[in-house]
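Asks: Handing you this structure, nothing more for now.
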Amino acid sequence: MATNASFAGKTAIVTGATGGVGSALAKKLAEDERMKVAMADLDQEKLDQVAAGINGETLPKALDVSDRDAYTALMDEVEGKFGPLDYLCNVAAIMPINDFDAEDDALTHKIIAVNLEAVIHSTKEAARRMKARGSGHIINVASGAGWLAGGGVATYVGTKFGVVGYSESVELELQGSGVHISVVAPAVIKSEMSAGLKDVRGVRAVEPWEVADAIIGVMRKPKFATFVPRAIGAMSLGFSAVPYRLRHKLMSLSKTDKLLLDADRSARKEYEERVAASARDDE
């Protein structure tokens, strides 16, 4: 892919930067687009390892996105080192699987804090800076689950519906400001977070680099919603347009209503334990 000259020298923050999508995006932005990229995630050692494999200007910085003061401090540090923040890419998210009424309260709070509250806080913080200059772009990674509900991840779905609704409301307020906000909505991504999940009928799982390319695509040509692959967009928007009773019947027939509850829990054991431990640590 040819380098976009307008990206060269620009500054971006990528959260979830040691995950599949975040690391692929950071690498593409720093190497292919010659941007200055701040890479944020929980583990500094892992961040340093990922950054060492990138031939470009990066700032790997440990961050719990649910810590509002720390997230604001990161933006201050990035702008002090790299200059004004041009792009904020909120990739970080967690998706533990539980029956809704068996989910531990601490875990519920953690999912909301990481997936939604961090997006709201960082969007406000970035937009204030961008509006003052009349330019900037915020990209929040949502999900097909921002339009389609599913059993086993009720809190996750709630946060992704929230990301979509919040971002759309902000988009309406930002019109005419020179600042853009977008959501990128993947189907199942081939990553640790999707370990043990069964395929969705009619929608293929996507590679992390495909989601990274979609994010860069919307950075090049801003629009509100981008689906990866397009089939998840057709399903999400199509199902959203029919009455709930019919929608739920179609989801039952396609076996997407409780798809995640049928996940291979043994394949998800390490991921689930790490997320649960993180939630307990916050208590």
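Asks: Of the peptides 52-65, 145-158, 240-253, how do they stack up when ordered by the mean number of other Cβ atoms within 10 Å, highest first?
Replies: 145-158, 52-65, 240-253
Asks: Let me ask something else. Among the listed pairs LYS28/LYS223; LYS110/LYS269; LYS27/LYS81; LYS10/LYS160, which have their C-alpha atoms separated by more than 22 angstrom in this model?
Replies: LYS10/LYS160
Asks: While we're on this one: Would you mind calculating the relative contact order of segment 153-219 from Cα pairs under 8 angstrom and at least 6 residues apart, reporting the percent as a whole number?
Replies: Reported relative contact order: 25 percent.
Asks: To the nearest 500 deg cm²/dmol, what mean residue ellipticity at 222 nm is calculated for the chain from DSSP H runs of n ≥ 4 alone, each contributing -39,500 (n - 2.57), summed and divided by the residues?
Replies: So the helix-based figure for the chain works out to -13500 deg cm²/dmol.
Asks: I would also like to ask the following. Rank the residues THR123, THR15 as a footprinting-exposure proxy: fewest other Cβ atoms within 10 Å of their Cβ go first.
Replies: Placing the least packed residue first, the sequence is THR123, THR15.
Asks: If neighbour count is taken as other Cβ atoms inside 10 Å, put ASP101, ASP199, ASP67 in order from fewest to most.
Replies: ASP101, ASP199, ASP67
Asks: Percent relative contact order of segment 185-249, based on C-alpha pairs within less than 8 angstrom and at least six residues apart?
Replies: 35 percent
Asks: Just the number, please: percent antiparallel of the DSSP beta bridges in the chain, rounded to the nearest 5.
Replies: 5 percent
Asks: Helix 230-240: angle to the longest alpha-carbon principal axis of the chain, degrees 0 to 90, nearest 10?
Replies: 60 degrees
Asks: To one decimal place, what orientation-averaged projected area in nm² is obtained for the convex hull of the Cα set of segment 43-193?
Replies: If I average the Cα hull's projected area over directions, I get 9.8 nm².
Asks: Take the Cα pairs of segment 11-72, get the Kirkwood Rh, then feed it into Stokes-Einstein at 20 °C and 1.002 mPa s and tell me D in µm²/s.
Replies: 192 µm²/s
Asks: Another question, if that's okay. I'd like the projected area of segment 210-283, averaged over all directions, using the convex hull of its alpha carbons. Report it in nm² with one decimal.
Replies: In nm², the orientation-averaged hull projection of segment 210-283 is 8.2.
Asks: So what's the angle, to the nearest 10 degrees on a 0 to 90 scale, between helix 118-133 and the longest Cα principal axis of the chain?
Replies: Roughly 30 degrees between the two axes.
Asks: List the relative contact order of the chain as a percent without decimals, with contacts defined as Cα pairs under 8 Å and 6+ residues apart.
Replies: Taking the mean separation of contacting Cα pairs over the length of the chain, I get 18 percent.
Asks: Let me ask another. Given the Cα-Cα distance of ALA8 and PHE100 and 0.36 nm per residue of separation, how much length would full extension add, in nm?
Replies: 28.6 nm
Asks: Please work out the Cα center distance from segment 229-283 to segment 137-164, rounded to the nearest Å.
Replies: What the calculation gives is 10 Å, centre to centre.
Asks: On C-alpha positions alone, give me the angle between the axis of helix 154-174 and the longest principal axis of the chain, in degrees, nearest 10.
Replies: Here the helix axis deviates by roughly 40 degrees.
Computed from the coordinates by the stated procedures, all read-outs in this text should not be read as laboratory data. Just so we're clear, the structure is a prediction, and the values are computed from it rather than from any experiment. With ideal geometry, Cβ positions are generated from the backbone for all residues, glycine too; neighbour counts draw on all protein chains shown.
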